[in-house]
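The values are calculated or read from the model by the stated rules, or taken from the named source; none is laboratory data. Values in this document were obtained by computation on a predicted structure and should not be read as measured data. Cβ: placed from backbone, ideal geometry, glycine included. Neighbour counts: every protein chain shown.
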Amino acid sequence: MLKKFLGRAEAPLGEPLPRGPKPLPLVGNLSALKAGLHASLPGLVAKHGGIFTLEVPAGLAAVPLVYFGGPTVVLADPALLEELFRRPDDFSKRLFKHSALRWGAQGKGIFTTDDDEDIHGSAFRVLAPSFSLKSLQSYFGAIQSGIATLMGILSQAAESREAVDVHPLMSQYMFDTFGLIGFGKDFQSLTQKCPLLDSFEGMMKNLGRLSKRNTNVGKVGKGLFSGDLHAFRRKHHKAWVGIEQLLEWKRTSIKMGEAPACPVTGSATSQSSSCPVMKDMCARLVSEPDPLTGQLLPEELMHANATTLLIAGHDTTSTAMTMLLYHIATNPDVEEKLHREVRDVVGERELTWDLVSKLPYTSQVIKESLRLFSPVPEIYKTSPPDRATRLGPYHIPPGTTFCVSQWGIHYNPQVYDDPEKFDPDRWAEDKAGGRSSYAWLPFSSGERACIGLNLSLLEQRVMLAEVVRKFYLRLDPQTNLRVRQPLFLNPQGIHVRLTPRRSSPAPPPDLRDPQLVSMACLDPALAESRSSLDSTPSDTSGLRGKRVVVLYGSNMGTCEDFAEQVLENDKRMGFEGVKAPLDALASSAPPALPRGDEGVVVIVTSTYNGRPPDNAKAFDAWLSCPSAESVLQGVRFAVFGCGNSQWSATYLGFAKRIQDALEHAGGEALTVMGEGDMDCGKVEHAFARWNLTRRIAILHSYDIPVPPTLAETLYPRLPAVNAMVWHGHVSKDMSDGYRRSVMQGTSTVSKMLQDSDAWFGALRQNTELLKGDASRSTRHIEFALPAGRAYIAGDHLG
Ligand code: HEM
Ligand SMILES: Cc1cc2nc3c(=O)[nH]c(=O)nc-3n(C[C@H](O)[C@H](O)[C@H](O)COP(=O)(O)O)c2cc1C
C-alpha cells in the first residue's frame with residue numbers, strides 16, 4: 001500500500017502495449033474515430049496491427065470506452081483473443097453495472113449483468129434450456145409460420161414491382177417470429193400496426209440519439225434540452241408496460257391452461273396452429289425456478305430478461321437478415337450458387353428441420369455476411385482492477401478496458417485476404433480449416449458468448465433458403481445505406497427489387513451432376529440409419545438382466561435429451577437402466593456402476609468454456625480424487641461429447657477429459673468417443689451414428705450376432721457414380737475435368753466422407769503383386785499425401 005502511495009512502480013510483467021494513433025490533448029483519439037467507432041477500427045487495425053491503445057476521454061463515446069485514467073486496448077488479433085477468452089477470471093465482463101443501459105432499456109437482464117453479479121448465473125440457468133437443440137426444433141413451426149407471412153408480402157411486392165425497404169420489413173418479421181418463440185404469440189406487426197414494436201423502436205431510436213451526446217452530464221442536459229430524454233422515457237415507459245402486460249398475460253394463460261386475449265394484438269389464440277408444442281421463453285421465465293436455488297426469478301429480473309430477449313432476439317437478427325439480402329442482391333453469382341444448392345437439396349418440397357441442416361453453402365454465405373457486417377460491432381472486457389497481468393507478451397495495467405472489435409478482427413488483413421470482398425468460398429472447409437475460430441466472432445466467445453447463436457443461424461438459414469428459391473434479388477437504385485447504432489448496428493435505406501423465379505419444378509437428377517446424385521442419397525441413408533436405431537436386433541435375450549447407467553452433463557438440455565434416447569434404446573434391447581446427472585456419482589447415494597459384463601456406462605455431456613456444465617461440476621472434482629479410479633475400473637463405457645467447434649481451443653474439452661480419465665482408470669471403451677458439433681448443424685446425425693456404433697459394439701461384447709441390416713447402415717452404399725470412380729477402371733475413361741468435379745462434389749456432400757473426416761490422395765501406383773491366382777489379390781498401392789494429412793496403419797483406404 002505504502003509503495004502505491006509513494007508511487008514506486010511494480011516491475012512490468014511484460015512489454016508495454018503498442019501505441020495506436022497519437023492522442024491530442026483533451027480529446028485524445030476522437031478525431032481518429034470520426035467515421036464512428038465500428039467503421040474506424042478496421043482502418044486503425046490495418047495500420048497499427050491487432051493490438052494497440054486508444055485514448056478516448058470517459059463518456060465521450062457511445063459506450064464508456066474507458067474507466068477514467070487509462071487507455072483502452074483495441075484487440076483484433078485471433079491469438080491474443082483466444083488467450084483473453086480462455087482466461088475469463090482475468091478478463092471479464094465488468095462494464096454494465098455502471099452503464100446507462102442499466103437504467104435504460106434492459107435493466108438487469110442477462111446481457112447487461114457483469115461477471116461478478118450472481119443474477120447473471122440465475123438468469124442463465126433459467127433461460128438456457130430455451131436454447132437446447134430440442135427447443136430449437138420445437139420453434140421450427142413458429143419460424144416457418146413467420147416465413148409464410150413474409151413470403152406472401154414479398155410476392156405481393158414482386159407482383160406490383162415495388163421495391164422493398166429491407167430493414168423495416170426484416171424488423172417486423174423478426175418481431176413477429178420472436179413474438180411466437182419468445183412469448184407464444186404472433187405480434188402480427190407484418191400485417192397491422194403494432195404498438196409494442198412502435199414503442200421498442202421509438203425507445204431504441206432515442207437511445208441512439210442520446211448516446212451520441214457528449215459527456216454523461218452533457219448527455220442528460222442536451223437530452224433534456226432537445227426533448228430526446230423525455231421522448232426516450234415516454235417510449236421506455238410504454239415498452240415497460242407492454243412487457244409487464246405480456247408477463248401477466250403469460251402467467252394467467254399458464255394458470256388457466258388457455259390464453260386470454262393477448263395485450264399486444266387483442267386476439268385470444270396463443271400460438272399459430274402450424275406450431276408444434278413448444279414452451280416459449282416467457283413461459284419458462286415466469287414458471288421455471290432457478291435449478292440451483294429452487295426459486296423463481298424476482299419479478300424485476302423476469303421483466304428485465306423478457307425485455308432483453310426481445311431486444312437481443314429481434315434487433316440483432318433483423319440486422320443480420322437485412323445484410324444477407326443486401327449481399328445477395330449485390331452478388332448474383334453467389335445468389336445463383338445458393339439457388340442451386342437449395343434447388344438440389346430441397347427442390348419444391350417443404351423446407352424441413354432435417355433439410356435445413358444440409359445446406360453448407362447457405363451457412364457459408366451467412367458466415368460471410370456476418371463477417372462483413374457484424375451487428376454487435378464490439379464488446380468489452382476488463383482486466384483485474386487490483387493487479388497487473390499479462391496478455392501475450394504485454395504488460396496489462398490493473399483495470400484495463402479491452403475493446404474486442406468484431407469489425408477490426410473481421411477486416412484484419414493479417415487474417416483475411418482481400419478482407420472487404422464478399423466471398424462465401426473463404427468458409428469452404430479446405431480454406432477455413434486453418435483459420436483460428438477466434439477470427440470470426442459475431443457472437444463473441446467464451447463464458448459470455450451469445451446464447452441465441454444457434455437460434456439466429458437457424459432463422460437466417462430458413463429465411464435465406466426460402467427467399468432465394470423463389471426470387472431473384474437486385475438492389476434498387478434508391479438504396480442509400482446509412483448505419484445507425486441505437487444499441488446494435490442498424491442498416492437503413494436498403495431497397496431491393498424481387499423477381500419471381502420460374503415456378504417450374506427442379507430438373508430431374510442428372511448423372512453428370514455429381515452433387516445432385518450424392519445429395520439424393522443423403523436422405524434415405526439417414527432415414528435408414530434412424531429407423532434401424534428403433535429396430536431391435538432379433539435375439540437379445542443375452543442382454544436380459546444387464547444394466548445400463550446413463551450419465552449426462554447438460555445446461556441447456558441437449559445432452560439430457562440424448563441421454564434419454566440412449567436409455568430408451570438400451571431398455572428396448574433388454575437392459576435395465578437408470579439415467580442421472582453426472583453429479584450423482586459424486587453424491588452421497590451414487591448409482592452403482594456395472595463392471596465388466598454386468599452392463600455398460602454411457603456418458604453424454606456438453607462443455608462450457610472447457611469446463612463442465614453445472615450438473616457435472618461436482619463430478620469433475622470427484623474425478624480427480626484417488627477413490628474415483630477404483631469406482632471406474634473395469635467399467636465398459638461409451639462417451640458422447642456435444643459441443644461447438646467455435647470454441648475451438650476447448651472444443652469438447654470436458655467430454656475428452658472424461659474419456660481420458662475412464663481409460664486411465666482402467667475402463668473398457670466400447671467405441672471411440674462420439675463428437676457432435678453444433679456449429680455445422682449435424683449433431684443429431686453424429687449422435688445417431690455414434691449410438692448405432694455403440695449398440696453394435698455392445699452386441700459384439702456379449703457375442704450376440706449383429707443383424708446384417710443394422711451393420712450395413714454404418715457403411716452407406718456409395719452412389720453409383722462414386723462407385724465407378726472408386727473402382728478405378730471406369731474413372732480412367734472419364735475426362736480429367738469430369739473426374740475432378742465428381743471428386744469435388746462427392747467430397748462436399750457425401751455423408752460418409754464428411755462424417756469420417758475423409759480426404760482425397762492422388763494415386764501414384766496400384767499394382768497387383770500376386771500372379772496367377774485370380775481368386776486372391778494383394779496390391780502395392782502408393783498415393784501422395786495432401787499437405788497437412790497423415791496416413792497411419794489401420795486408417796481406412798477406400
Ligand atoms: C445475428 C444475431 C446475433 C448476434 C450477432 C448476437 C451477438 C451477441 C454477442 C456479441 C453477445 C455477447 C455480448 C457481450 O459480451 O457483451 C451476445 C450475447 C447474448 N445474446 Fe446474442 N446475438 C444474436 C442473436 C441473439 C438471439 C436470437 C438471442 C435470443 C433470442 C440472443 C440473446 C443473447 C443473450 C441473452 C446474450 C447474453 C448472454 C450472456 O451474457 O450470458 N442473441 N449476443
Ligand atoms: C457460453 C457457452 C460456452 C460454450 N463453451 C464451449 C466449449 O468450451 N467447448 C465446446 O465444445 N462447446 C462449447 N459450447 C457449446 C455447447 O457445449 C453446446 O451448445 C452443447 O450442445 C450444449 O449442450 P447442453 O444443451 O446439453 O448443455 C458453449 C456454449 C455456450 C453457450
Considering the range 631-650 alone, what residues qualify as being near ligand 2 (Cβ under 7 Å from one of its atoms), under 19 Å from F687 (Cα atoms) and touching a Gly at 6+ places or on another chain (Cβ under 6 Å)? C642
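To keep it simple, each residue is scored yes or no on (1) closer than 22 Å to V365 by Cα; (2) in a strand (DSSP E or B); (3) among the aliphatic types (A, V, I, L, M).
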{"site": "I379", "(1), (2), (3)": "no, yes, yes"}
{"site": "P384", "(1), (2), (3)": "no, no, no"}
{"site": "R390", "(1), (2), (3)": "no, yes, no"}
{"site": "G399", "(1), (2), (3)": "no, no, no"}
{"site": "V404", "(1), (2), (3)": "no, yes, yes"}
{"site": "G408", "(1), (2), (3)": "yes, no, no"}
{"site": "K421", "(1), (2), (3)": "yes, no, no"}
What is the number of the single condition among (1) touching an Asp or Glu at 6+ places or on another chain (Cβ under 7 Å); (2) away from ligand 1 (no atom under 16 Å from the Cβ); (3) on the phi > 0 side of the Ramachandran plot that G596 does not meet? (1)
Using beta carbons and a limit of 6 Å, which pairs, at least six apart or on different chains, have the first residue in the range 302-317 and in contact (Cβ under 8 Å) with a residue 60 or more places away in the chain and under 13 Å from L127 (Cα atoms) and the second one charged (D, E, K, R) and more than 8 Å from ligand 1 (Cβ to nearest atom)? A304/K108
So, of the residues in the range 408-451 that are within 11 Å of A76 (Cα to Cα) and among the small types (G, A, S), which turns out to be nearest to ligand 2 (Cβ to nearest atom)? A439
Matching residues, the range 442-490, being near ligand 1 (Cβ under 7 Å from one of its atoms), of a type in the set (G, A, S) and in a loop (DSSP other than H, G, I, E, B): S444, A449, G452
State all residues of the range 562-583 that are within 16 Å of ligand 2 (Cβ to nearest atom) and out of contact with any Ser or Thr (no Cβ under 7 Å at 6 or more places or on another chain); if no residue qualifies, say none. F562, A563, E564, Q565, V566, L567, K579, A580, P581, D583
Flag if L370 is part of a helix (DSSP H, G or I) and crowded, with 22+ Cβ neighbours inside 10 Å: yes
Residues that are away from ligand 1 (no atom under 16 Å from the Cβ) and under 25 Å from L80 (Cα atoms), drawn from the range 634-656: G643, S645, S648, A649, T650, Y651, L652, G653, F654, K656
The one condition H395 fails out of (1) at pLDDT 95 or above; (2) more than 19 Å from the chain's Cα centre (by Cα); (3) part of a helix (DSSP H, G or I) is (3)
Take the residues of the range 261-307 that are modelled with pLDDT of 90 or more, touching a Ser or Thr at 6+ places or on another chain (Cβ under 9 Å) and among the polar types (S, T, N, Q): which is nearest to ligand 2 (Cβ to nearest atom)? T293
Test A665 against the stated conditions and say whether it is farther than 30 Å from A128 by Cα and among the aliphatic types (A, V, I, L, M). yes
For the subset of the range 542-585 comprising residues that are in a strand (DSSP E or B), of a type in the set (D, E, K, R) and at pLDDT 95 or above, which member is nearest to A128 (Cα to Cα)? K579
